[in-house]
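Engineer: Structure incoming, see below.
The values are calculated or read from the model by the stated rules, or taken from the named source; none is laboratory data. Keep in mind the model is a prediction, meaning the values are calculated, not measured. Virtual Cβ from ideal backbone geometry, glycine too; neighbours counted across all protein chains shown.
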Amino acid sequence: MEYSVENYLEMIRSNLSKKTNELVEKIGSLVEMSFAEEVNAIFIESSIGEPTLYFRLSTREDMFDEVFEEEVDEGFAGSIDLLDEFLVDEWLEEEWSDTLEEFYEKEGVEEACIAEIGRWVYQCFNQANGKDIGIPSYFEIHDAGNALDLLTGEWVDPEDVEL
């Protein structure tokens, strides 16, 4: 098989697009929620490195520390599953090969994948009027470093953000 970054991103886009309506609906439902006063930000989180993705919402008091339900008296705090695991990377699901591994490493596929997923989440957030949630909102891939500010569409270093 001939691997290319464009073919890879087309596969990712195709699989993400199947979940667009569901994610837009879930984000839209957040607009109606009353968050606890201890909640200073919400994070849509996922993880890559597997053929599947999931999306979860967590509430935070700052860029690193979650706020849990038992820590508040009133309003929502905690986490919500936004999307259950679904197949996004068909190539990873197939048998791993040295050629595929070399392609992923040489072409910076992980970074391209994170950027593509971030664009998709940002589009879904905007389509759902996520800015109406009224709380700083971010998207992050677990252990990837930067977070996508869903209000501005800019990637930020969490160490540089004060809430």
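Engineer: Go through (1) free of Cβ contacts under 8 Å to residues at least 60 places away in the same chain; (2) aliphatic (A, V, I, L, M); (3) over 19 Å from Leu9 (Cα atoms) and name the single condition Ala128 misses.
Structural biologist: The single condition Ala128 does not satisfy is (1).
Engineer: Need the failing condition index for Met11 against (1) in contact (Cβ under 8 Å) with a residue 12 or more places away in the chain; (2) over 27 Å from Gly108 (Cα atoms), just the number.
Structural biologist: Unmet condition: (2).
Engineer: Another question, then. Have a look at Glu22, Glu38 and point out the one that is surrounded by 14 or more Cβ atoms within 10 Å (Cβ to Cβ), assigned to a helix (DSSP H, G or I) and among the acidic types (Asp, Glu).
Structural biologist: Glu22
Engineer: Just give me the residues in region 41-52 being closer than 17 Å to Asp143 by Cβ and modelled with pLDDT under 95, in sequence order.
Structural biologist: Ser47, Ile48, Gly49, Glu50, Thr52
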